[in-house]
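The values are calculated or read from the model by the stated rules, or taken from the named source; none is laboratory data. Remember, it's a predicted structure, so these values are computed and weren't measured experimentally. Here the Cβ positions follow ideal geometry from the backbone for every residue, glycine too, while neighbour counts run over all protein chains shown. These accessible areas exclude ligands, DNA and RNA; they are computed on the full protein's heavy atoms, side chains included. Shrake-Rupley method; radii C 1.70, N 1.55, O 1.52, S 1.80 Å.
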Amino acid sequence: MSRRPTLSTITERTETTSGVISTTTNSAAEMEETKMQMAVRAAQLGEIQTVRFLLNGHVTANELDHEGCGLLHWAAINNKIEIIELILSHGGNVDLIGGHMRSTPLHWACYNSQIAAVICLIKNGANPAIRNMNGETPLHIAANTGNFTLIAYLLVKFDHIKDMRDNLGNSAVMRSAAQSFGLFPIRIFTKVDAHLDFTSDDTGDTALHVSMLRQNLTGAVELICAGADEDKKNKNGQTPYDLVNEKFGKHVREHVESRRVREQGSKYELMTSRWFLMQFFTASISGILIGAGLGLYYLTNFWVVLSALAIALPLLIFFLRKKRMDHFGYLPVTYICWMGMAELGLLIFDSEGLLHWSLLMAMCSIWVISASFYWLLILTDPGVMPRSKNPFNDFVEHLETKKIDRYCFTCWIPKSSNSHHCSQCDKCVDGFDHHCPWIHKCVYRKNLRFFIFFCLTNLIFDVIYVPVLIYMIAVSWGNVGFSQTLSDHGIMVLSLFFSIPHVIGAGTITYTQFSQISRHITTIEIIRNGRAHQDSDKSTSPSSTYNPWEDSPSIKTRVRNVCNLLVFDRFGGDEDGSQCETTSGSFETSESHI
Ligand SMILES: [Zn+2]
Ligand SMILES: [Zn+2]
């Protein structure tokens, strides 16, 4: 492993240097050293006047200090762009070799992920294919740091370096597999068609071996889907699957197969795949249950249905716990059908005309409105950001000219402060709030209003339906007794049983959304702020916890925020409704899959 200069070593060195500067000496050789050290310190701190003065006859642009490093190395690792340009204008060699590892300034800039310095050096002709003493190119160093933007920039800009290997036979993608966890930066390497099957000289492991060994599911799936050899054996005769337990290996194969079917499968394959059948089954599960319950009820009696439910419910809960929430995308459809059935049931139940027709009409209208908002949510996608058609050129242009370094490397578009790549939908969404597993759709700035109305109408329906049902059951109970009520209208008693958890769920979601809107904050901001707070806690006081309710706005502001959204479709105080200002700070260039 190479020696990596850190900021602390630089600080120590700077302190030593200042000590040397203050010492007076008569020896000419020592005087020369002092001038070089002064220049080094000025290059580290960005004191351009001092560097300019010293370069005019006191030190040369390619002179090395007593550690064998040039001024350009120090300017590069500290991101001092003006100093880099000054040294180069005085005849500095952009590929000057220096330091213990015999590295170039580009290596040094990559050590500290100094993107501006990397761009500056490359624009001035730095050669990214030069290897250091370990045979590492700057791309290897970037892969060690795990900075996606830097890796992408080097890969996109210089196609010929993607498959260069160090003295141990490791390519940069192998380094990334060993140093980073998750989908990135492996996906960037697969996008530029890097060779994935190089083996390490000492172990014979490929990048896939390393990913499997580290149980990096998304990384391993990405490598296999991009064509990495699943059967390649290392020096111990093990394939990548031999390095993990059977369960993890099965998990990887399932993900690979489901992605292959979704991306390349025929319609027949798609419709008979496990993934699709699972979707279909979960979509229709409540319909099947209601249908089976009704059939059983009319064929037998209430108690048989209740016993069947007592057996079915634990099984259902077990099944739901095993499966991911994104399989429930179609549940609202069945819920909306159920609302209709509830309405119909109420009409049949109410043969004596206890309920006023206007109440039944109101419930019917709410049902229609709720269904309309659901379909508006499902069928429209106004906040999805289109993928780049010319990804590499756009990326380089954005980075070099507009200095945009927050980027989505799946869609290859810049990330704004309030956009987010949803891993479930595999899309970048502007004004992201959260991914709703119940409707299997992202909720974001431009469909937030539909979502709120959908939740609200659900809740209003329940709030009317549950008391009406209780009233009807109570009246029937009073008239004909409990057992006769069960015998005549048992299905409505069961309906009440199912409505209560729903009213709690719909109430909680609606309350949370209203509360967030009134405070002009999105779900993802709460999550991000909570994480940032946790990180800062680690260095300060671990006992204090993040409180999202602090700095609560006044009631007047809250009411105004809610009205702005519901009436004028404006989020918070923004005037045109097209943008929402966020309170999020700066985040690393990474995909936070929530
Ligand atoms: Zn994206
Ligand atoms: Zn989503």
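Worth pointing out:
- Exactly one residue among A194, A220, A207 is under 22 Å from the mean Cα position of the chain (by Cα), under 24 Å from A143 (Cα atoms) and buried (at least 18 other Cβ atoms within 10 Å of the Cβ), and that residue is A220.
- Any hit, region 496-505, residues being small (G, A, S) and at pLDDT 85 or above: no
- Matching residues, region 393-411, being closer than 23 Å to T218 by Cα and touching a residue at least 60 places away in the same chain (Cβ under 8 Å): R406, Y407, C408, F409, T410
- Sole residue being aliphatic (A, V, I, L, M), within 16 Å of ligand 1 (Cβ to nearest atom) and open to solvent by less than 50 Å² (accessible area, probe 1.4 Å), chosen from I413, I366, I452, I439: I413
- Residue, modelled with the lowest pLDDT, within region 374-389, restricted to residues that are in contact with a Lys or Arg (Cβ under 9 Å, 6 or more places away or on another chain) and outside any loop (DSSP other than H, G, I, E, B): I378
- Matching strands (runs of 3 or more DSSP E) fully within region 390-480 where at least 1 residues are in contact with a helix residue (DSSP H, G or I) (Cβ under 7 Å, 6 or more places away or on another chain) and closer than 30 Å to A117 by Cα: 420-422
- With respect to (1) within 16 Å of ligand 1 (Cβ to nearest atom); (2) over 18 Å from N564 (Cα atoms), the lone exception for G431 is condition (2).
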